[in-house]
Every structure is written in structure tokens, then in C-alpha cells.
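The values are calculated or read from the model by the stated rules, or taken from the named source; none is laboratory data. Remember, it's a predicted structure, so these values are computed and weren't measured experimentally. Cβ placement follows ideal geometry from the backbone for every residue including glycine, while neighbour counts extend to all protein chains displayed. Remember, those area values only see protein heavy atoms, side chains included, never the ligands or the DNA or RNA. Shrake-Rupley method; radii C 1.70, N 1.55, O 1.52, S 1.80 Å.
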Amino acid sequence: MTPRSTVTSNPDKSRSLTAGPGTIQPAPDTSTTNWMYEGQFPGPELRVQEGDVLSVELTNDLQEETTIHWHGIPVPNPVDGVPNVTQDPIAPGDTFTYTFRAEPAGTYFYHSHVGLQLDRGLLGPLIVEEREPHVEYDREYVVVLDDYLPGDPRPPSDGGRGGSGRGGGMGGGGMMGDVRPPYEGLLINGRLPENPPTFDVTEGERVRFRFVNAASATVFGVRIAGHEMTVTHTDGQPVNPVDVDSFVFGAGERYDAVVEAENPGRWFIQADALDGNEPSARAVVEYESAGGSGAPQSPSSPSNRLQYGDLRAISSLDGVSGSPDRTFDLTLSRGGGQSYTWTIDGQAYPDADPLQIRPGEHVRIRMTNQSPVVHPMHLHGHFFRVGNAIKDTVMVPGHRGRVTLDFHADNPGRWLFHCHNLYHLDAGMARVVKYVE
Ligand code: C2O
Ligand code: CU
């Protein structure tokens, strides 16, 4: 067992990030005040080599407390960025420095872990490059998907049970169903579909796309017109390449896919909200030879969608073979009563018992979803095995969907395990996984 220790060596890369308010312009005639890092939305791409020590000094120019979480990277516990669990939140005007070794390689993102700040725009991509990629490619693009909420995110205030859409500006939701924030669109790299980003390609190239679902409450279905995608990584971790025409991913998940550029023209990348009716998020893949003219083509309906069962990790996860040392059976459900709560085994965080584990254990978590909506469940500080894949976030389907994950308790501390739908997290769907001796 090799717990991640606090890094003392000099950083290979140092960055400073300031979190503060600013104006974004997701389309030419649309602008709103957002909160963001370095005045950019999404925040600046952080890119390092596998194994590099990364140091980020965060300055809080907001009027409220904040933190950064390095989603997916098993960092040492004190720099995991969970307020009141791994650190005191950073007060307005203060700074805090996060230093950790960036490994393993993969596609990650960073985001605020305070309240609903993620849905105000405090997010950005974090790429840890492989020293030796298991797939070949000639160029790459990072594709950050998000739901667009102008203004202040709010928890549903009417309990979401009325179905009337009153209160808190949230759309209506049926009994035991869910409410969706009043999103005004879907974004790729911070842009609405009327203002899509363009990804230039040259015929014959292999193009790696790193898709990040940085949304707060959206499950996306992703397609590229005119091209097959070869999925090569899930949540940053390499898998045996699998050819699909589409995939679906929940908030917090990532997929890398390589596309062979052998069909000249202009083509849309399209991402649809599975549970919303906003127009699809779009980007354009444009061949040099296409000369920027002609309307891009839209994808046809998906016929070969990626399933979790298709994912086979290239390497195995240590410490999770055989039968587990400890098993938790957890029910995911909507809380009873008038207030808007989401629970794990009937408890709403922070009024919830920690899941206690011991160092070195093989831990299994079995989840059953007793609600009608999907929950993308994320574990901090560890990767887990689910089926034959290694991931850090996994969707548990609604209507009694079941998912089992296994992880090795190799990173002592207190780690959040929660739904990555921000509104579910905020309403209690979280537990602390706590190491005890
Ligand atoms: Cu990306 Cu606890 O979160
Ligand atoms: Cu959820």
C-alpha cells in the first residue's frame, strides 16, 4: 500500500488561479455575469505531464468562501478541496495553495466544491498527458460540455413535489421525480449552439477528443456526424478501444475518443440533454479542404451506443481481486417530507453516518436506485472497478438500477462519495468515506 503523501518536492508546474466574477458571452447576443477562474469560462486548461508535481495557488476574489476539487485525481487528502471535510473553505480575499503529483495520466477537470458554485461556472479542464499513450493520434481537442444557467443557482424551494414550477425558478417535477434548473441552453467549451466552436482537422489525421461532462444536472448523449468514434479512455483511464457512434455520460464522467478524419466536409458534434429539452450543444469538425462553406451536417440517430459492459480497462486495479473485506449496501432515494432532499440509505448529508473503512481493505459498494432518475455517483481519492472498467464516476440508472463498485483503500483520509448532480449533492446525496485504524 502506497498512500499518497503530501508533496514536498519543488513543483514542475506552478499556476495561480483567481476565482472571481466576470462576464461571459456564450453567443454574440447573449451575455451574463458568471463566476470563473482567471476571467475565463471554462477556466484555463491546466496541462501537465504524468507524474509532474502541480502547484496551484487559488485566490478567492468572490464575496463568499470557495475551494477547488481536482476531480478524479487521487490526491493526498489535505488538498482534495472539500470544505469542512478536507480543508477549511477559503475566505474572500484569501489564498490557498494546492500541491500534488499529477498521476495517473488522464482527462480530468477541476471545479469549486462549495455549494452550487459549479453551476455558476467555476470549472476548468485538467489534462495529465501520458508518457506513452496506448493509442496513436495526431492532434487533440478538449470538449467541455455544460448546462447554461444565467444567474444565481438555487436549490428547489418548493420541494419539487408540486409539479407546478412555482418557487425558486425551477421547472416543475412530478411526485418523486425531479426538477431541472431553468437552463437556457447547453454549452460546448462555453458556447451555445448558435455560436459553436470549430475544431479544424486535416484529412488523414487521427483526432483525439477529450470529452468532459462538467454539467451540474445534465446527462449528455454525444454523437459526431459522419464519423465513428473509437472510445479509448473512460474517466481518464485507458480501455481497449471500442468503436461506437455515440455514448451517454453523466455529470463528472469523461470519455476520450479517437476519430479518423477520412470524410471531408463540415460535421457537427452534437450533445443532447437526456433529461432536458434545450437545443443540442454543438461544435463543428471542419476539414481544411472544406473551406468553411456549406452548412455542417447533423448526426443521424444513434444505432451503436457505448454501454458500460463494452469497457475493458487495459490494466487491472490492484487490491480488488477476490471477495471484499467490507461491503456496503446503499439505497439511493428521494427524501420524504416537504423539503427537497436526496438520501443515501435514508440519510441526508451532512446529517449522515460516515462509511468507515480500514487501510488496505478491498471495499465494495452496492447501490440500488429507488428513484426514477439517474445518479452519477463519484468517489473522491480513489478509482474503482465497475464491471471491467476502472472509473471514478458511474451512473446508477433509475427505477431500481443497481451498480456495484470495488475499490482498494489505499489513500487514507476522509473522502466524499456523492451524486455528481450538484442539486442532489446539495440536497444530501453524499457520505464521507472515513478511514479508521
Ligand atoms: Cu467533481 Cu465531489 O466532485
Ligand atoms: Cu443524484
With the radius of gyration and the Kirkwood radius both derived from the Cα set of segment 326-390, what is their ratio Rg to Rh? 0.99
Find the accessible area per residue for the chain; the probe is 1.4 Å, ligands and nucleic acids are left out, and the unit is Å². 38 Å²
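Which value, in nm² and rounded to one decimal, describes the direction-averaged projected area of the C-alpha convex hull of the chain? Walk me through the numbers on the way to the answer.
Working: hull surface 80.3 nm².
Result: a mean projected hull area of 20.1 nm².
What fraction of the Cα pairs in segment 265-310, stated in percent, has a spacing above 17 angstrom?
Working: 511 of 1035 pairs.
Here the long-distance tail beyond 17 Å is 49 percent of all Cα pairs in segment 265-310.
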Expressed as a percent, the accessible surface of segment 211-303 that is carbon or sulfur, using a 1.4 Å probe and the full set of protein chains, is 42 percent
Of all trypsin sites (Lys or Arg not before Pro) in segment 394-426, which ones are in loop regions per DSSP and have a Cβ with at most 13 other Cβ atoms within 10 Å? R400
Of L274, L425, L116, which is the most mobile in a GNM of the chain whose springs link Cα atoms less than 10 angstrom apart? L274
Please state, rounded to one decimal and in Å, the Kirkwood hydrodynamic radius that segment 354-431 gives when every pair of distinct Cα atoms enters the mean of 1/r. 12.9 Å
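Per residue, what volume in Å³ does the Cα convex hull of segment 173-258 take up?
Details: hull volume 11.4 nm³, N = 86.
So the per-residue Cα hull volume is 133 Å³.
Determine, from the Cβ-Cβ distance of N84 and S293 and an R0 of 60 Å, the FRET efficiency 1/(1 + (r/R0)^6), rounded to the nearest 0.05. Numbers along the way, then the final one.
Numbers: r = 55 Å, r/R0 = 0.91.
Here the calculated transfer efficiency is 0.65.
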Ranked highest first by the average count of other Cβ atoms within 10 Å around their residues, in what order do 96-106, 344-354, 45-55 fall? 96-106, 45-55, 344-354
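Restricting things to alpha carbons, find the Rg to Rh ratio for segment 6-128 using the Kirkwood radius for Rh.
Values: Rg = 14.1 Å, Rh = 14.6 Å.
The Rg/Rh ratio comes out at 0.97.
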Potential lengthening between S16 and E203 on full extension [0.36 nm per residue; Cα-Cα distance subtracted]: 63.5 nm
